[in-house]
Amino acid sequence: MAEALRCVVVLPTYDEADNISGMLDRVLHSPVAPDVLVVDDSSPDGTGAIVEQVAARYPQGRVRLLTRTSKDGLGAAYRAGFAHALATGDHDVVVQMDADGSHPVEALPRMLAEVAAGGDLVLGARYVPGGALDDAWPWYRKALSRGANVYARTLLRAPVADLTGGFKAWRASLLRSLDLSELTAAGYAFQIQTTLAALQQGADVREVPILFTERTHGTSKMSKEIIGEAMLAVLRMRLHGPTGRR
């Protein structure tokens, strides 16, 4: 049963004060009973303080806060969070997801069920039958998202439908086997890089359909610079493998 798996959800945050309390409550009340590790890049809006307030309402250890002193990219935040989560050895599954509510908490039981059934990495996928993007997204954002995914899948010849997504459930043993110090993409390319590394290691990668929704509070961290960095990173991965280096 998926409920038998011990799970920790890693949430990277920067200026998510409007979202983090509700997000934590939804995750913590999931039927799979996960713990949560928030990786906060010293948000000036007080996100970290809100996390501590929420943690005080739950049993000790259910919510932990890892505060980083610098904001140096999503990839760096996840590497720090993964290392911290794995160091305890308390969990069978490490889930990564956005703190803005765009990833549906309701999908966690289905994703963990796939891990329990033998999956090593389960992707919450937008581009499989049953998956979708929020109708609230304008057409050009949908086109950009789909185009970026097709670009990455085509260049890297990856046998998954949603290579660019960031909602993932990792079997802890697989995540531990990856050399995260070699997977150094700074932004959203980290999502592509880690999935590609798992595939090249022969992992059983599965996809579960999700509806990816628009955030209701705050602003997206996506920028032209992040998009450009990801496109160049994919080219490097095509030439040199997941690390992107010779």
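Taking the criterion of being in a loop (DSSP other than H, G, I, E, B), out of contact with any strand residue (DSSP E or B) (no Cβ under 7 Å at 6 or more places or on another chain) and either open to solvent by less than 30 Å² (accessible area, probe 1.4 Å) or under 22 Å from Arg141 (Cβ atoms) (or both), the residues of the range 187-214 that qualify are Gly187, Tyr188, Thr213, Glu214. Only one entry in Asp25, Asp35 is over 19 Å from Lys71 (Cα atoms), charged (D, E, K, R) and within 17 Å of the chain's Cα centre (by Cα), namely Asp35.
Within the range 49-75, can you find the residues that are in contact with a strand residue (DSSP E or B) (Cβ under 7 Å, 6 or more places away or on another chain) and touching a residue at least 24 places away in the same chain (Cβ under 8 Å)? Full working, then the answer.
We begin by selecting, within the range 49-75, every residue in contact with a strand residue (DSSP E or B) (Cβ under 7 Å, 6 or more places away or on another chain); these are 51-52, 54-55, 61-68, 74.
Answer for the range 49-75, where residues must be in contact with a strand residue (DSSP E or B) (Cβ under 7 Å, 6 or more places away or on another chain) and touching a residue at least 24 places away in the same chain (Cβ under 8 Å): Val51, Val54, Gly61, Arg62, Val63, Arg64, Leu65, Leu66, Thr67, Arg68, Leu74.
The number of residues in the range 147-181 being open to solvent by 10 Å² or more (accessible area, probe 1.4 Å), part of a helix (DSSP H, G or I) and over 15 Å from Val234 (Cα atoms) comes to 6. Residue count for the range 92-131, restricted to those that are open to solvent by 20 Å² or more (accessible area, probe 1.4 Å) and farther than 22 Å from Arg146 by Cα: 10. The number of residues in the range 174-214 that are modelled with pLDDT of 95 or more and of a type in the set (D, E, K, R) comes to 4.
Selection of first residues in the range 147-161 that are without any contact (Cβ under 8 Å) to a residue 40 or more places away in the chain and of second residues that are among the acidic types (Asp, Glu), restricted to Cβ pairs under 8 Å at least 6 apart or on distinct chains, gives the following pairs, ordered by first then second residue: Asn149/Asp162. Which of the residues belonging to the range 223-245 are modelled with pLDDT under 80 and assigned to a helix (DSSP H, G or I)? Of everything in the range 223-245, those that are modelled with pLDDT under 80 and assigned to a helix (DSSP H, G or I) turn out to be Lys224, Glu225, Ile226, Ile227, Gly228, Glu229, Ala230, Met231.
If I filter the range 177-197 down to residues being within 14 Å of Asp72 (Cα to Cα) and of a type in the set (A, V, I, L, M, F, W, C), which single residue comes out as nearest to the chain's Cα centre (by Cα)? Working first, answer last.
Going through the range 177-197, the residues within 14 Å of Asp72 (Cα to Cα) turn out to be 184-190.
Still in the running and of a type in the set (A, V, I, L, M, F, W, C): 185-186, 189-190.
Working: Ala185: 14, Ala186: 14, Ala189: 12, Phe190: 9 Å.
Residue satisfying both the conditions and the ranking: Phe190.
Inside the range 143-173, residues that are charged (D, E, K, R) and touching a strand residue (DSSP E or B) at 6+ places or on another chain (Cβ under 9 Å) make up a count of 4. Meeting the requirement of 1 or more residues that are open to solvent by 10 Å² or more (accessible area, probe 1.4 Å) and within 26 Å of Gly187 (Cβ to Cβ), the strands (runs of 3 or more DSSP E) wholly within the range 1-89 are 7-13, 63-67.
The values are calculated or read from the model by the stated rules, or taken from the named source; none is laboratory data. This one's a predicted model, so the numbers in the text were calculated from it and none came from an experiment. Glycine gets a Cβ as well: all are built from the backbone with ideal geometry, and neighbour counts include every protein chain shown. Calculation scope for accessible area: heavy atoms of the full protein, side chains included, ligands and nucleic acids excluded. Shrake-Rupley method; radii C 1.70, N 1.55, O 1.52, S 1.80 Å.
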